[in-house]
Amino acid sequence: MLLLGIETSCDDTAAAVVRDGRDVLSNVATNQDAFHAKYGGIVPEIASRRHVALLSAAVEDALARAGLSFAELDGIAVTSGPGLIGSLVVGVASAKAYAFALDKPLYAVNHLHGHVFAPFLERDEPPPYPFLTLLVSGGHSQLVAVDSAVRMRVLGRTHDDAAGEAYDKTARLLGLPYPGGPALDEMARRGDASVHPFPRYRPNDGSLDLSFSGLKTSVRYFLESDAGRTAKAEDVAASFQAAVVDVLMARLKTAYERASYNAVTLSGGVAANSALQAAVRAWSERDGIRALIPPPRYCTDNAAMIAAAAFYQGGAVRADPVALTANPNLPFEMGVAT
Ligand code: KG4
Ligand code: ZN
């Protein structure tokens, strides 16, 4: 089954062709960072205008790289939410037009479900249900029990900032350009994580919830203090990163112990983080846990993961090419029993 994936929920204009949810025949993404960097964050109006300018070329490029014509596709998969409304509508309108004009099935995919299936791209085996996913991106941070392709339960989520948001805000405090996550990760590799023991905030209510705004504030107060003004930025970065990874690992381990899973997966932009990946790998090797971590290009937003999710979710996400609308607040749980 050959699916064209289209992803425009935020600031990446992406298109990909994927066979059977796993073989990535092409994966095209046009990064808009240069247009947003000077504002220190994503400007929604700029993002949607760039999508309008770039999407048709990205789709044509994805087909050309896959060596396919539109007629050879078995369907079109598009992110219908959650995300920025002005960005989502560009992808949704174009996917509807392709599906209608080509008379091909249309699949409306939840962006976060795309992240859940990213770890299975370019692997030989299908998802080993049930598995436990740590989904950490710029907009979301949550632990998810994936019982099947369409039944996913959120076990814990952040009360405030997402992990990626904490990275981006802390990176900004350290004078790094947007998006700060990758730059902070790089800087932390040259620092000593034991220099500043930042607090490991965790809601203390027996839940698996997370909280990152207090950590970001601690870093800000520290940088404004006398000690902070003379501290090495690399050590601050490493100490911040260690606090994030400790909290995420503690929650992941507790969640894993509370039920029976066939694997643990990482997904979302922060899954590209070198310290988080190293911690998960070490745990998996020590305790014999099957851990699936996507390569960085499938951690951050991409269209291949959208085509993959549509393949696994199939009829449950079939959409009408006339009626489909983008939903910026699309709920995570589908509520479909299997
Ligand atoms: O999943 P994603 O591409 O977009 C959303 O759906 O939000 O995630 C983007 C987020 C940004 O906050 C970015 O700074 C963060 O992922 N990120 C990282 C790394 N690479 C990307 N954070 C920490 N370390 C990284 N290596
Ligand atoms: Zn994302």
- [ ] Those residues that are away from ligand 1 (no atom under 16 Å from the Cβ) and touching a Leu at 6+ places or on another chain (Cβ under 9 Å), I need them from region 26-39; list them, please.
- [x] 26
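Per-residue answers, yes or no, for (1) out of contact with any strand residue (DSSP E or B) (no Cβ under 8 Å at 6 or more places or on another chain); (2) away from ligand 2 (no atom under 16 Å from the Cβ); (3) under 15 Å from residue 41 (Cα atoms); (4) not in a loop (DSSP other than H, G, I, E, B):
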{"position": "168", "(1), (2), (3), (4)": "yes, no, yes, yes"}
{"position": "171", "(1), (2), (3), (4)": "yes, yes, yes, yes"}
{"position": "175", "(1), (2), (3), (4)": "yes, yes, yes, no"}
{"position": "186", "(1), (2), (3), (4)": "yes, yes, no, yes"}
{"position": "196", "(1), (2), (3), (4)": "yes, yes, no, no"}
{"position": "199", "(1), (2), (3), (4)": "yes, yes, no, no"}
{"position": "202", "(1), (2), (3), (4)": "no, yes, no, no"}
Open item on the list: Consider region 49-73. How many of its residues are touching a helix residue (DSSP H, G or I) at 6+ places or on another chain (Cβ under 8 Å) and either assigned to a loop (DSSP other than H, G, I, E, B) or surrounded by 19 or more Cβ atoms within 10 Å (Cβ to Cβ) (or both)?
Closed with: 7
- [ ] For region 1-47, name all the residues that are closer than 23 Å to residue 326 by Cα and of a type in the set (Val, Ile, Thr).
- [x] 6, 8, 13, 17, 18, 28, 30, 42, 43, 46
Task: Enumeration of residues in region 1-21 that are buried (at least 20 other Cβ atoms within 10 Å of the Cβ) and outside any strand (DSSP E or B) - done: 8, 9, 10, 11, 21
- [ ] Provide a single number: the residues in region 133-153 that are assigned to a strand (DSSP E or B) and either within 16 Å of ligand 2 (Cβ to nearest atom) or under 15 Å from the mean Cα position of the chain (by Cα) (or both).
- [x] 9
Task: region 153-192: number of residues that are touching a residue at least 60 places away in the same chain (Cβ under 8 Å), among the aliphatic types (A, V, I, L, M) and open to solvent by 20 Å² or more (accessible area, probe 1.4 Å) - done: 3
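Here's the yes/no breakdown for (1) within 14 Å of ligand 1 (Cβ to nearest atom); (2) at pLDDT 95 or above; (3) within 16 Å of the chain's Cα centre (by Cα); (4) aromatic (Phe, Trp, Tyr):
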position	(1), (2), (3), (4)
13	yes, yes, yes, no
21	no, yes, no, no
24	no, yes, no, no
41	yes, no, no, no
- [ ] For region 97-132, enumerate the residues that are within 20 Å of residue 79 (Cα to Cα), in a loop (DSSP other than H, G, I, E, B) and either modelled with pLDDT under 95 or open to solvent by 50 Å² or more (accessible area, probe 1.4 Å) (or both).
- [x] 103
Open item on the list: It is to be established whether one or more residues within region 232-242 are without any contact (Cβ under 8 Å) to a residue 60 or more places away in the chain, assigned to a loop (DSSP other than H, G, I, E, B) and under 16 Å from residue 168 (Cα atoms).
Closed with: no
Task: Where residue 81 falls short, out of the listed (1) within 16 Å of ligand 1 (Cβ to nearest atom); (2) modelled with pLDDT of 95 or more; (3) out of contact with any Ser or Thr (no Cβ under 7 Å at 6 or more places or on another chain); (4) at negative phi - done: (4)
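The values are calculated or read from the model by the stated rules, or taken from the named source; none is laboratory data. Nothing here was measured: the structure is a model prediction, and the numbers come from that model. Note: ideal-geometry Cβ built from the backbone for every residue, glycine included; neighbour counts use all protein chains shown. These area figures cover heavy atoms from the full protein model, side chains too; ligands, DNA and RNA do not enter into them. Shrake-Rupley method; radii C 1.70, N 1.55, O 1.52, S 1.80 Å.
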